[in-house]
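A short write-up of the structure that comes next.
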Amino acid sequence: MVNWPELESKYYMHTIVRVPVTLVRGEGARVWDDKGKEYLDFVCGLAVNCLGHCHPVVADAVAEQARTLIQTSNWYYTIPQIRLAELLVKNSCLDKVFVCNSGLEANEGAVKLARRYGHLKLKGAYEVITTMGSFHGRSLAMTAASGQPKMHEPYVPLPVGFVNVANNDIEAIKSATTEKTCAVMLEPVQGEAGVILSDDDYLKKVREWCDRRGILLILDEVQTGIGRLGTLFGYELYGIEPDIMTLAKGLGSGIPIGAVLAKEHASVFVPGDHNSTFGGNPVTSAAACATLKYIIDNDLPAKVQKVGQYLMEGLKELKKKYSFITEVRGRGLLVAIEFNRDMGQEILMACLQKGLLVNKVKSSAIRLVPPLIIGNQEVDRALSILDGVFSGIVK
Ligand SMILES: Cc1ncc(COP(=O)(O)O)c(C=O)c1O
């Protein structure tokens with residue numbers, strides 16, 4: 001049998017410490033490793049495979065499109081891309097769409113759009129305010145945008161034009177706003193920081209401030225969009241509308257795709273301002289159309305609310321039972337369990353051994369981001385595995 005980790009260490013750049021398992025097949029909320037062991041997948045490609053692994057509507061859309069037309073470049077009109085833009089606009093508060101290939105690219109596009117807006121309407125303003133703990137991607141600009149000093153250090157000097165301020169603090173945004181500011185960019189729930197929710201009225205206050213100053217509000221919904229929080233988009237939970245929104249992760253249920261959406265007044269790109277060779281390619285767009293249609297036709301956000309609540313109730317019971325759990329938090333199916341010490345890796349490994357994939361989002365917390373199609377039965381199984389794992393932990 002091939003030793004895949006050994007082969008990987010010979011040929012692949014080590015940019016991540018991998019979980020020691022080689023996955024070869026998936027179906028719904030389950031995956032199998034190269035030795036045939038089955039796992040319940042509460043990571044789902046890092047909050048990506050929202051319809052589970054290899055959902056037939058996605059697999060069929062990709063296969064059919066791959067036999068029809070794969071790539072043309074954006075010099076030509078292609079139907080899946082236009083259909084995708086139509087679907088996104090008809091189901092959101094935004095008016096125009098640009099399709100790209102990943103979350104960081106969507107955020108780069110959003111920041112470029114905000115800078116164009118700044119050049120055209122705000123006397124050249126170019127600065128974007130972001131928050132500490134945020135994660136917006138790993139290009140140089142998105143590294144600077146992400147409010148995480150440990151990400152910055154290896155790559156200084158970073159592109160200018162980003163100001164990182166305290167999270168959930170409207171006064172910090174107000175004091176950082178100057179005549180150079182063109183936008184504020186936020187995640188409705190900070191996913192990579194460990195599932196940090198926005199305070200109830202925070203986003204409303206930010207929206208009001210942006211309106212007062214005539215600057216744009218960009219919501220990075222790369223992780224929170226496409227049903228994950230129990231609404232199709234996260235902004236719906238907070239009673240506000242962004243000027244620009246970015247999507248990726250769940251949009252193609254595993255097929256790499258991202259999108260920038262903008263309100264008409266913020267949609268200021270003109271031909272030549274921005275493009276992408278692969279962006280909105282027929283195959284990825286067909287996958288995203290199939291995913292979105294399935295989510296909307298089956299009202300998955302409503303189901304996510306219910307199953308998310310069921311999961312949260314079960315986790316709260318576990319918190320009562322195990323004193324080393326300090327907090328369970330989240331919305332819908334974006335959930336974290338926080339511990340009183342750095343035991344995320346120990347929990348991850350014990351879950352792996354018992355057949356449950358979870359994500360260590362920080363050293364003292366794990367994140368659960370199962371597919372949106374799971375039911376109470378899968379939740380019960382995950383809770384029972386977690387209970388078994390926690391019962392083996394020395395308090
Ligand atoms: C909120 C948010 N923005 C952007 C990104 C970057 O997306 P990608 O990894 O597709 O570039 C992520 C990835 O985790 C994310 O969670």
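The values are calculated or read from the model by the stated rules, or taken from the named source; none is laboratory data. In this text the structure is predicted, and so the values were computed from the model without any measurement. When we count neighbours, we look across all protein chains shown, and the Cβ atoms used for this are built from the backbone with ideal geometry, even at glycine. Accessible surface is based on the protein model in full, side chains and every heavy atom, while ligands, DNA and RNA are left aside. Shrake-Rupley method; radii C 1.70, N 1.55, O 1.52, S 1.80 Å.
Which one of the conditions (1) open to solvent by 50 Å² or more (accessible area, probe 1.4 Å); (2) part of a helix (DSSP H, G or I); (3) in contact (Cβ under 8 Å) with a residue 24 or more places away in the chain does Lys10 fail to meet, given that it meets all the rest?
The one condition Lys10 does not meet is (3).
Given the options Leu186, Leu261, Leu203, Leu217, name the one that is in contact (Cβ under 8 Å) with a residue 24 or more places away in the chain, buried (at least 22 other Cβ atoms within 10 Å of the Cβ) and within 12 Å of the ligand (Cβ to nearest atom).
So the residue among Leu186, Leu261, Leu203, Leu217 that is in contact (Cβ under 8 Å) with a residue 24 or more places away in the chain, buried (at least 22 other Cβ atoms within 10 Å of the Cβ) and within 12 Å of the ligand (Cβ to nearest atom) is Leu186.
Checking the condition surrounded by 24 or more Cβ atoms within 10 Å (Cβ to Cβ) and closer than 30 Å to Asn376 by Cα, which residue from Thr291, Thr284 passes?
When all the criteria are applied, what remains is Thr291.
Just one of the numbered conditions (1) closer than 27 Å to Gly36 by Cβ; (2) open to solvent by 70 Å² or more (accessible area, probe 1.4 Å) is not true of Asn340; which one?
Result: Asn340 passes all but (1).
Among the residues of the stretch 101-119, is any hydroxyl-bearing (Ser, Thr, Tyr) and open to solvent by less than 20 Å² (accessible area, probe 1.4 Å)?
Going residue by residue through the stretch 101-119, those that are hydroxyl-bearing (Ser, Thr, Tyr) are 102, 117.
Keeping just the survivors that are open to solvent by less than 20 Å² (accessible area, probe 1.4 Å) gives none.
Within the stretch 101-119, none of the residues are hydroxyl-bearing (Ser, Thr, Tyr) and open to solvent by less than 20 Å² (accessible area, probe 1.4 Å).
Give all pairs with beta carbons closer than 7 Å in which a residue from the stretch 104-118 that is within 18 Å of Ala248 (Cβ to Cβ) meets a residue that is within 12 Å of the ligand (Cβ to nearest atom) and basic (Lys, Arg); count only pairs at least 6 apart in sequence or on separate chains.
Going by the 7 Å Cβ cut-off, the qualifying pairs are Leu104/Arg138.
Is it true that some residue in the stretch 368-381 is of a type in the set (Val, Ile, Thr), closer than 16 Å to Leu318 by Cα and modelled with pLDDT under 95?
No: zero hits.
Check whether at least one residue in the stretch 80-99 is within 14 Å of the ligand (Cβ to nearest atom) and touching a residue at least 60 places away in the same chain (Cβ under 8 Å), and report yes or no.
Yes, there is a match, as at least one residue in the stretch 80-99 is within 14 Å of the ligand (Cβ to nearest atom) and touching a residue at least 60 places away in the same chain (Cβ under 8 Å).
Would you check if Ala125 is in contact with a Lys or Arg (Cβ under 6 Å, 6 or more places away or on another chain) and under 21 Å from Glu264 (Cα atoms)?
yes
Looking only at helices (runs of 4 or more DSSP H) that fall completely inside the stretch 126-176, which ones have 3 or more residues that are within 16 Å of the ligand (Cβ to nearest atom), surrounded by 22 or more Cβ atoms within 10 Å (Cβ to Cβ) and hydrophobic (A, V, I, L, M, F, W, C)?
In the stretch 126-176, 140-145 are the helices (runs of 4 or more DSSP H) which contain 3 or more residues that are within 16 Å of the ligand (Cβ to nearest atom), surrounded by 22 or more Cβ atoms within 10 Å (Cβ to Cβ) and hydrophobic (A, V, I, L, M, F, W, C).
Please indicate, with yes or no, whether at least one residue in the stretch 31-42 is open to solvent by less than 90 Å² (accessible area, probe 1.4 Å), of a type in the set (A, V, I, L, M) and not in a loop (DSSP other than H, G, I, E, B).
yes
Which condition from (1) touching a Pro at 6+ places or on another chain (Cβ under 8 Å); (2) assigned to a helix (DSSP H, G or I) is the one that Thr72 breaks?
Condition (2) is where Thr72 drops out.
Let's see how each residue does on (1) among the polar types (S, T, N, Q); (2) touching a strand residue (DSSP E or B) at 6+ places or on another chain (Cβ under 9 Å):
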residue: Leu292; (1), (2): no, no
residue: Glu317; (1), (2): no, no
residue: Ser323; (1), (2): yes, no
residue: Glu327; (1), (2): no, yes
residue: Pro370; (1), (2): no, yes
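Which one is surrounded by the most Cβ atoms within 10 Å (Cβ to Cβ), of the residues in the stretch 232-258 that are closer than 24 Å to Leu122 by Cβ and among the acidic types (Asp, Glu)?
Residues of the stretch 232-258 that are closer than 24 Å to Leu122 by Cβ, as a first pass: 235, 240-246.
If we keep only those that are among the acidic types (Asp, Glu) too, we end up with 241, 243.
On the way: Glu241: 16, Asp243: 27.
For the stretch 232-258, the residue satisfying everything is Asp243.
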